[in-house]
1. What about E:Leu59, is it within 14 Å of chain B (Cβ to nearest Cβ), of a type outside the set (S, T, N, Q) and buried (at least 24 other Cβ atoms within 10 Å of the Cβ)?
2. Condition first: surrounded by 13 or more Cβ atoms within 10 Å (Cβ to Cβ) and modelled with pLDDT of 95 or more. Now tell me which residues in the range B:23-36 satisfy that.
3. So how many residues does the range D:75-88 have that are part of a helix (DSSP H, G or I) and within 14 Å of the chain's Cα centre (by Cα)?
4. Given the structure, is E:Lys74 farther than 27 Å from C:Ala18 by Cβ and among the basic types (Lys, Arg)?
5. Looking at (1) facing another protein chain (nearest Cβ under 7 Å); (2) without any contact (Cβ under 8 Å) to a residue 12 or more places away in the chain; (3) under 13 Å from the mean Cα position of the chain (by Cα), find the lone condition where E:Cys72 falls short.
6. Here are some residues: B:Leu119, B:Leu59, B:Leu99, B:Leu94. Which one is in contact with a Ser or Thr (Cβ under 8 Å, 6 or more places away or on another chain) and not in a loop (DSSP other than H, G, I, E, B)?
7. Could you please find all residues in the range E:62-78 being surrounded by fewer than 23 Cβ atoms within 10 Å (Cβ to Cβ) and either more than 20 Å from C:Cys69 (Cβ to Cβ) or aliphatic (A, V, I, L, M) (or both)?
Number of protein chains: 6
Amino acid sequence: MNEKKQKNMSNSVKDFNAYRSKMNDKILADNNKIIKRIFNLDTNAYTQGALDVKTKELLGLVASAVLRCDDCVKYHLETSYGLGLNKEEVVEALSIATLVGGTIVIPHLRRAYEYWDALESQSESS
Amino acid sequence: MNEKKQKNMSNSVKDFNAYRSKMNDKILADNNKIIKRIFNLDTNAYTQGALDVKTKELLGLVASAVLRCDDCVKYHLETSYGLGLNKEEVVEALSIATLVGGTIVIPHLRRAYEYWDALESQSESS
Amino acid sequence: MNEKKQKNMSNSVKDFNAYRSKMNDKILADNNKIIKRIFNLDTNAYTQGALDVKTKELLGLVASAVLRCDDCVKYHLETSYGLGLNKEEVVEALSIATLVGGTIVIPHLRRAYEYWDALESQSESS
Amino acid sequence: MNEKKQKNMSNSVKDFNAYRSKMNDKILADNNKIIKRIFNLDTNAYTQGALDVKTKELLGLVASAVLRCDDCVKYHLETSYGLGLNKEEVVEALSIATLVGGTIVIPHLRRAYEYWDALESQSESS
Amino acid sequence: MNEKKQKNMSNSVKDFNAYRSKMNDKILADNNKIIKRIFNLDTNAYTQGALDVKTKELLGLVASAVLRCDDCVKYHLETSYGLGLNKEEVVEALSIATLVGGTIVIPHLRRAYEYWDALESQSESS
Amino acid sequence: MNEKKQKNMSNSVKDFNAYRSKMNDKILADNNKIIKRIFNLDTNAYTQGALDVKTKELLGLVASAVLRCDDCVKYHLETSYGLGLNKEEVVEALSIATLVGGTIVIPHLRRAYEYWDALESQSESS
């Protein structure tokens, strides 16, 4: 991959995280108790339990994909990548999402592939 | 808030409304009777009745948020803002949407916060 | 209304609550922390805050209706009824749900009407 | 098909229509203007226009199937049957719904087949 | 558990499977190529690959739960049970579904618990 | 229409197709059997059968619209356009989608109109 393209891709990861982080801060600063607790649960739900963290990330990924939430898919792709799940495992999870959720999942599959490439590219460039 | 940022934000409100308005005109010009009547109902449904207009706007907002329709959320945020609903009330409505609709609502919550900021900023700059 | 029909209707309320209550007990006995906290939030979210409890119930009702969750609709109808919301107010909320969510909401509207009748009938017979 | 089974099946059609009709009457008697107009649109939308009525019924059927609304599917199956659409055409429409909507549509496909059988059986027995 | 209740519960498993099986046969007998291939994919998608079969069943379960498809949930619960997944693992998967999909998942959680009990009860009684 | 605007519009068609095509190639290169077969079915499902190709495209369009998948709507608009379906037919199909799916479909209706204009504009400019 040429350097310029690599930079663009890794920027898409940075931009996503920067926006996500900035807005999460604003939301949490607002002190709505219900929302704060849901955010808190969102962190706790994916920790090691009867199921290991990798499995849980894939569960979160598939739930996000069938509900067609691009930002949620990106988030779980990034965590999956960080946990060392490989592309074949992630794609297999997404194939189940596409089968269960139907062809309307395909546009989200395209963007998931694009984001995975960005994650790999960011990692190479760092 | 510095002036430049304020301008960007108020532009996001203007851009949304300009696009919405332009396309609605095109749709209505087409004279499809079913679509025209649905547009018409959309105006009538939120007028004062057994429930007051503020409550109805919040009902429209929560319905839009759990169905994860960003443009619908923006529209109801703007009307809510115009009716004098304050941020705490709006956020409380959105907290119910997030609980009922789950964490997949969170990305829409981020964009709702951003649009509310734009509405406040537009109001300050005018 | 004749007595027999009244009894059937009020039974539908009792049966719904008995099943709901029995299964909730089983779920909570399981001690899954995430699920317990979500149940807990579900209680807290509808308490008085910036918005009053009646408005919040209607928000929960509309969210449930557009997401087409019959049991959730029943639950919020029952609480709304208990809070003294009248039928016209509830129906107006449901009319917004039907407009925003489309004609696929209509079958749920039928069952909502049926359950509201059961609530009224139970109340008369007690 | 033996007579008893035929009777059961044709009853499932009658029961569905009786309940639907009874509750629709209650809803319309309530005079909520928004709901009444949506019911009215629901009748107008499927009349002959640029597209013929058969095509429109199939559009309603597929929309109902991917949104997984059993009662709506039944309704459109019955109208399709009445318009003389044959099983192969209806199944082909449902196959598109299953592909677009995913394997979660399959349980609704089962119930659609069952209802189609009931429609055929009612017709034979009458 | 007393014997009678045990029998009722195990019947709910048998009834579900009998209906599912009978209608699947009818659907497949119809020879619609698209539907047949989707059924075929549905079998292949959950076989051992980069991910093991237990993980894949849980992915199918969570996808079904957030899309609120009771029959799909039952099917994956039954396969999960057959594969030796324990209740704690299954509940943890369902807790993620409830968090991601929101409180509208709770009624499906109740029915999932009930079906899991039926599976355990059937197993004891056999 | 002035030339510059016409060019922008026809670019929106080209850009959509270029991205779609590039990402589809990446996905298919990955050789996940389930995903490849779903892509394959997606081609087969819309070929002539008991229903003609125009009807099938409209079924795909309406399914996509009620499930609010912009990219799927664009794809079916483009194929519909290529098959010679006229705007009135397409809009009538979309009016059914808007009625069945509710006012949350309206933002997608706006983008559908915009894309149809782009298709017409591309055709004029070529």
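The values are calculated or read from the model by the stated rules, or taken from the named source; none is laboratory data. Small disclaimer: the values here were computed from a predicted structure and weren't measured. No Cβ is skipped: glycine too gets one built from the backbone with ideal geometry, and neighbour counts run over all protein chains shown.
1. No, not satisfied.
2. B:Met23, B:Asn24, B:Lys26, B:Ile27, B:Leu28, B:Asn32, B:Lys33, B:Ile34, B:Ile35, B:Lys36
3. The total comes to 9.
4. Numbers: farther than 27 Å from C:Ala18 by Cβ: no; among the basic types (Lys, Arg): yes.
No.
5. (2)
6. Working: B:Leu119 fails: in contact with a Ser or Thr (Cβ under 8 Å, 6 or more places away or on another chain); B:Leu59 fails: in contact with a Ser or Thr (Cβ under 8 Å, 6 or more places away or on another chain); B:Leu94 fails: in contact with a Ser or Thr (Cβ under 8 Å, 6 or more places away or on another chain).
Sole residue among the options that is in contact with a Ser or Thr (Cβ under 8 Å, 6 or more places away or on another chain) and not in a loop (DSSP other than H, G, I, E, B): B:Leu99.
7. Matches in the range E:62-78: E:Glu78 only.
Conditions (1) within 26 Å of F:Lys36 (Cα to Cα); (2) not hydroxyl-bearing (Ser, Thr, Tyr), marked per residue:
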{"position": "E:Arg37", "(1), (2)": "yes, yes"}
{"position": "E:Leu41", "(1), (2)": "yes, yes"}
{"position": "E:Thr47", "(1), (2)": "yes, no"}
{"position": "E:Leu51", "(1), (2)": "yes, yes"}
{"position": "E:Glu57", "(1), (2)": "yes, yes"}
{"position": "E:Cys69", "(1), (2)": "yes, yes"}
{"position": "E:Gln122", "(1), (2)": "no, yes"}
